[in-house]
Amino acid sequence: MTRDTTQPVRVDGTLKWFDQVKGFGFVVADEGGPDILLHANVLRNFGQSSIADGARVTIHVQQTERGSQATEVLKIDPPRDQAGTGLSDFEEIDPAEIAAAPVEPARVKWFDKSKGFGFANVFGKSEDVFIHIEVLRRSGLSDLQPGEALAIRAIDGKRGRMAMEVSAWESVIEKPS
């Protein structure tokens, strides 16, 4: 069993990579130093099952006999480089329209990362909401699982309701201080 050698420290950094199959990835701290292990369970405790490479994170890090490990995710911001997403359906949409859309609770119906899209059901509404993989990346996510709870901002697009922002439901709920 690994014995903790220090108290957790708050660290800002960038996700280097995360592999859902392996169940872990690594964060590079802004101040440098060794890579920081981010385990899937720590990410799940934040309410997400995935995270996009290049996402900005704020985490608590603890030094252990096995190295630097994230013990808690405090914040995730989408990757900074959003140029050239190739979302022609979204090019004509005013960012103010997206910001004005209400946050709605939803559940993932299905999502196929290899196809690059999927659908969610908004609670209390019969129509599905289309979710494109580039919207996930812009939202700091890389994949979704059936039944996963989401908070989405959706608008009526050229081909029906489309998600413009996607977050884990837990990330929009205020946590007690």
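Report the gain in length on full extension from residue 45 to residue 22: 0.36 nm times residue separation, minus Cα-Cα distance, nm rounded to one decimal.
6.6 nm
Between residue 64 and residue 9, the contour length at 0.36 nm per residue exceeds the alpha carbon distance by 18.6 nm.
With r defined as the distance between the Cβ atoms of residue 103 and residue 127 and R0 fixed at 25 Å, what FRET efficiency is calculated, to the nearest 0.05?
Values: r = 17 Å, r/R0 = 0.70.
Taking R0 as 25 Å, the efficiency between residue 103 and residue 127 is 0.90.
Using a probe of 1.4 angstrom and keeping all protein chains present, the accessible surface of the chain works out to 56 square angstrom per residue. Applying both filters, DSSP loop and at most 16 other Cβ atoms within 10 Å, to the chymotrypsin sites (Phe, Trp or Tyr not before Pro) of the range 112-177 gives 123.
Over the chain, what percent of the accessible surface lies on carbon and sulfur atoms, probe 1.4 Å? Of all accessible area on the chain, carbon and sulfur atoms account for 49 percent.
Across the range 29-40, computed HN-Hα scalar couplings (Karplus, 6.51 cos²θ - 1.76 cosθ + 1.60, θ = phi - 60°) run 6, 4, 7, x, x, x, 4, 10, 5, 10, 7, 4 Hz from first to last residue, x flagging Gly and Pro. Quick check for the chain: number of Lys pairs with alpha-carbon distance under 22 Å, counting only pairs 8 or more apart or on different chains? Within the chain, the lysine pair count is 9.
For the chain, the Cα-based Rg and Dmax, in that order, read 17.2, 55 Å.
The values are calculated or read from the model by the stated rules, or taken from the named source; none is laboratory data. These numbers come from a predicted model, not from an experiment. All Cβ positions, glycine included, derive from the backbone under ideal geometry; neighbour counts span all protein chains shown. Surface areas here come from the heavy atoms of the whole protein model, side chains and all, with no ligands, DNA or RNA. Shrake-Rupley method; radii C 1.70, N 1.55, O 1.52, S 1.80 Å.
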